[in-house]
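All of the numbers you see were taken from the coordinates with simple rules; none came from a lab. None of the values given here were measured: they were computed from a predicted structure. Note that each Cβ is placed from the backbone with ideal geometry, even for glycine, and that neighbours are counted across all protein chains shown.
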Amino acid sequence: MHRLIVFMLMVLLAFMASGAPTSSLEIPETIVTDMTWDLQLYPGGPNITLTGTAEKVYAKITELNPNYDQDWEEDLTLESDTYIFTPDAATERVPYWVSCVRGKGARWSQVNEGIQFLHKLRGQPHLGPHQCARVTCSGDSGIHWCNDANYPRTLLSWNYIADAAAAVIMECMDSHLVPFSGNVFHDDNWRAIVKGDKC
């Protein structure tokens with residue numbers, strides 16, 4: 001009887017260990033390339049293609065068109081008046097879940113800066129199947145976007161990726177002074193990653 005009880009306890013513990021979530025889940029190391037952007041320098045203008053992070057692309061387009069912000073001011077104002085991030089609204093757009101992970105963390109101020117850059121840029125994100133791209137990177141803190149589907153994916157706007165990064169901040173950041181990392185997994189097979197990065 002004693003042996004039977006010990007055996008049953010061992011089986012129970014093994015089952016609990018295999019089914020329990022782990023807080024030490026690491027962000028998978030993947031080969032990540034910089035994002036390719038199809039953008040307009042001014043409303044109604046032709047599309048141009050640039051490659052790089054949001055910070056570098058924004059610097060380039062404002063170099064090519066110093067009036068970029070003014071040219072798009074009305075469009076940005078209309079969008080900011082109607083677009084407000086909340087967890088419920090983001091979930092209604094695309095249901096997601098967040099996994100906070102251990103590893104080299106990102107800094108809140110730099111991630112938030114990247115989110116603001118994404119809100120400034122027009123156009124639609126596009127990635128091929130099973131590809132990851134670095135979308136923003138500054139201060140050794142990056143936002144990455146991955147398409148895990150078997151087909152190319154185009155999002156309606158950069159706000160979706162900005163939403164994902166904001167969700168990581170809300171779920172994973174304990175303090176503005178403590179680096180953090182996390183994955184955002186969406187039900188339709190794409191994800192965003194916030195983590196420490198070499199910029």
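Would you please classify the overall shape of region 106-161 from the alpha carbon gyration tensor, given that a ≥ b ≥ c denote the square roots of the eigenvalues, rounded means a/c under 1.5, and beyond that prolate means a/b larger than b/c while oblate covers the rest?
In terms of gyration-tensor shape, oblate.
What net charge is computed for the residues neighbouring residue 189, neighbours being all others with C-beta under 13 Å from the C-beta of residue 189, Lys and Arg scored +1, Asp and Glu -1?
Net charge around residue 189: -1.
May I ask which of 104/198; 104/195; 120/198 have a Cα-Cα span longer than 18 Å here?
Going by Cα-Cα distance, 120/198 fall outside the 18 Å limit.
Provide the packing ranking of 49-58, 63-72, 159-168, i.e. peptides ordered by the mean count of other C-beta atoms within 10 Å per residue, highest first.
159-168, 49-58, 63-72
What does the charge count near residue 51 come to, summing +1 for each Lys or Arg and -1 for each Asp or Glu among other residues with Cβ under 10 Å from its Cβ?
With Lys, Arg at +1 and Asp, Glu at -1, the net is +1.
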